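See structure below.
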Amino acid sequence: MNTTPQTVGPEALASASFTDTLGMSAARARSAVLEEQILKDPGQFRVLTGDRPTGRLHLGHYFGTLHNRVRLQNLGVEMFVIIADYQVLTDRDVADNLTGHVEELVLDYLAIGVDPARSTIFTHSAVPALNQLLLPFLSLVSVAELERNPTVKDEIAHSRQSTVSGLMFTYPAHQAADILFCKANLVPVGKDQLPHLELTRTIARRFNDRYGTGSAVFPQPDALLSSAPLLLGTDGGKMSKSRGNAITLASDAGETARLIKGAKTDSERHITYDPASRPEVSSLLLLAARCQNRTPDQVASDIGAAGAVALKRIVTEAVNEYLAPIRARRKEYAQDRAYLRHILREGNERATAVADSTLAEVRAAMNSHD
Ligand code: TRP
């Protein structure tokens, strides 16, 4: 999930050039094949996925990716969930309230059904060997490659900072370390993360070519693109915590009702699902449909000529009903901060053991001596 203040959407990025468009359709086709393989043999996959700790997760995150993570976990895919705390510093000078944001993420994960007995939740700053991988990885990429990354370019263009830090240019290589330290072979992502995944694959390939003796040290991980259409924020823009247009998993029923009541719609009374010409109404329909496991057209035809007021009432009910058990679990976990810290400590320990072993392999392959 991209949490920087941005205006250019992932679509614009994806269609920025012909090559990118080709890359998208290839990634889509590949994802369909992967979905079949996951159903057949979930045990051959290890997923690495995660978020920057910059605030609470919202419904855009949930239906875009979180829901899918839990599905994969429950299918039997091994999962590592990274809280990318160093990455918060790419577009701001200080990571505000880091401990609080990290705990909020852990709460969101637990509430939606990430099971810490099966999935490893950890912060990358707590895993030294993961970060050490960054140095050999950086030696495998050129400055030109780092400068070409369209997502980074977009983030720089919309950054609130007056200067661009070295971390901003190198975080995609850091992200490669996030993924490769545990030899993940599957990364569920949105379109904006595809360039980072491409770089990860490049780094894995170059490392294997340069240092591998017969067997590959790293897999070349696949992107698993979400097929879920994008939910808009209540103002019709991209749903984002910083814009105040997002319904978070943690917000209560009343706040949810208020946000949806103020949502942008249009002047046409008859409700129809038409994402191209009625984006705001359609996004609300989509939201209700996802919560009720129906199609947006079905929701629309139920409302018909009853208009935006009826639409908003139905969406509010659907969202609040869907989120009720998630919110109840979240509240319960929130009472027990010691448990949250325990989950993180355990996750960090597990991730550290895996990273230590990968780093040892890397050092051996590079002929570093103890
Ligand atoms: N860059 C991702 C985001 O902004 C977060 C992230 C960090 C991540 N490391 C990752 C995502 C590794 C997938 C894999 O949301």
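The values are calculated or read from the model by the stated rules, or taken from the named source; none is laboratory data. For clarity, every value in this text was computed on a predicted model and none was experimentally measured. As a convention, Cβ positions derive from the backbone with ideal geometry for all residues, glycine included, and neighbour counts pool all protein chains shown. Accessible surface areas use protein heavy atoms only, side chains included; no ligands, DNA or RNA. Shrake-Rupley method; radii C 1.70, N 1.55, O 1.52, S 1.80 Å.
Antiparallel versus total DSSP beta bridges in the chain: what percent is that, nearest 5? If you can, show how the numbers build up before the last one.
Numbers: 2 of 18 bridges.
Around 10 percent of the beta bridges assigned by DSSP in the chain are antiparallel ones.
When ranked by the protection proxy of mean other Cβ atoms within 10 Å per residue, highest first, what sequence do the peptides 74-82, 159-167 form?
Numbers: 74-82: 19.0, 159-167: 11.6.
Most protected by this proxy first, the peptides run 74-82, 159-167.
Compute the distance from the alpha-carbon center of the range 75-89 to that of the range 252-285, in whole Å.
Between the Cα centres of the range 75-89 and the range 252-285 lies a distance of 32 Å.
Could you check the spin-label model distance between R363 and R243? Points 7 Å from the Cα along Cα→Cβ, value in nm.
It is 4.7 nm.
Considering amide H positions built from the backbone, and no H for Pro or chain starts, which residues 5 or more places from K238, or on another chain, come under 5 Å of its amide H?
G233
Give me the distance in nm between label points sitting 7 Å out from Cα along the Cα-to-Cβ direction at E147 and R345, one decimal.
4.7 nm
Hey, could you pull the Cα Rg and Dmax for the chain, both in Å?
21.1, 74
What order do you get for 193-200, 63-70, 227-234 when each peptide is scored by the mean count of other beta carbon atoms within 10 Å, highest first?
On the way: 193-200: 22.0, 63-70: 20.1, 227-234: 18.4.
Listed from highest to lowest mean packing, they are 193-200, 63-70, 227-234.
How large is the charge dipole for the chain, taken about the Cα centre, if only the Cβ atoms of Lys, Arg (+1) and Asp, Glu (-1) carry charge, to the nearest 20 debye?
Working: 40 positive and 42 negative charges, 65 e Å.
Computed charge dipole of the chain: roughly 320 debye.
Hey, for a label at A334 modelled as a point 7 Å past Cα toward Cβ, could you say which residues of the range 245-261 have their backbone N under 13 Å away?
248-256
Keeping all protein chains in place, calculate the accessible area per residue for the range 241-334 (probe 1.4 angstrom), answer in Å². Could the numbers behind the result be given before it?
Details: 4770 Å² over 94 residues.
Using a 1.4 Å probe on heavy atoms only, each residue of the range 241-334 averages 51 Å².
With θ set to phi - 60° and the Karplus curve 6.51 cos²θ - 1.76 cosθ + 1.60, what are the ³J(HN,Hα) couplings of the range 122-133 in order, to the nearest whole Hz, using x for Gly and Pro?
Working through the residues one at a time gives 8, 9, 5, 5, 8, 10, x, 5, 4, 5, 5, 4 Hz.
At a Förster distance of 41 Å, what's the computed FRET efficiency of R258 paired with R205, Cβ-Cβ distance as r, to 0.05?
Working: r = 50 Å, r/R0 = 1.23.
FRET efficiency, R258 to R205: 0.25.
Give me the percent of accessible area attributable to carbon and sulfur for the chain, probe 1.4 angstrom.
Looking at the chain in its full context, I get 53 percent from C and S.
Across the range 76-204, how large is the tail of the calculated P(r) beyond 22 Å, expressed as a percent of all Cα pairs? Intermediate values should be presented prior to the final figure.
On the way: 3296 of 8256 pairs.
Roughly 40 percent, once rounded to a whole number.
Could you work out how far helix 194-211 tilts from the main Cα principal axis of the chain, as a 0 to 90 degree angle to the nearest 10?
Taking the Cα atoms of the chain, the angle to 194-211 is about 10 degrees.
When only DSSP loop residues count, what trypsin sites (Lys or Arg not before Pro) in the range 272-327 have their Cβ near at most 15 other Cβ atoms within 10 Å?
Details: sites: R290, R294, K312, R313, R327; in loops: R294.
Those satisfying the criteria are R294.
Taking K and R as +1 and D and E as -1, what net charge do the other residues with C-beta under 12 Å from the C-beta of A306 add up to?
Once all neighbours under 12 Å are counted, the net charge is +2.
To the nearest 20 Debye, how big is the dipole of the range 241-334 about its Cα centre, given +1 on the beta carbon of each Lys and Arg and -1 on that of each Asp and Glu? Walk me through the numbers on the way to the answer.
On the way: 15 positive and 11 negative charges, 79 e Å.
Here the range 241-334 has a charge dipole of around 380 debye.
With springs only between Cα atoms under 10 Å, which of L146, L48, L180 fluctuates most in a Gaussian network model of the chain?
Fluctuation is largest for L146.
Thinking of the range 241-334 as a set of Cα atoms, what percent of all their pairs are more than 18 Å apart? Don't skip to the answer; put the middle values down first.
On the way: 1918 of 4371 pairs.
Tail fraction, whole percent: 44.
Determine the equivalent ellipsoid of the range 228-276 by diagonalising the alpha-carbon gyration tensor, then write out the semi-axes as square roots of 5 times the eigenvalues, largest first, rounded to whole Å. Could the numbers behind the result be given before it?
Values: eigenvalues 83, 40, 20 Å².
Each semi-axis is the square root of five times an eigenvalue, giving 20, 14, 10 Å.
Return, ordered by residue number, the residues of the range 327-370 whose backbone nitrogen is under 13 Å from a label point located 7 Å along Cα→Cβ of T213.
The answer is 361-369, whose backbone nitrogens lie closer than 13 Å to the label point.
Please tell me which of these pairs span more than 30 angstrom C-alpha to C-alpha: K153/K331; K183/K238; K153/K241; K40/K238; K241/K261? It would help to have the intermediate numbers written out before the result.
Details: K153/K331 39 Å; K183/K238 32 Å; K153/K241 21 Å; K40/K238 35 Å; K241/K261 18 Å.
Cα-Cα > 30 Å for K153/K331; K183/K238; K40/K238; rest within.
For the residue pair Q37 and R269, what label-to-label distance in nm results when each label sits 7 Å from Cα along the Cα-to-beta-carbon direction?
5.5 nm
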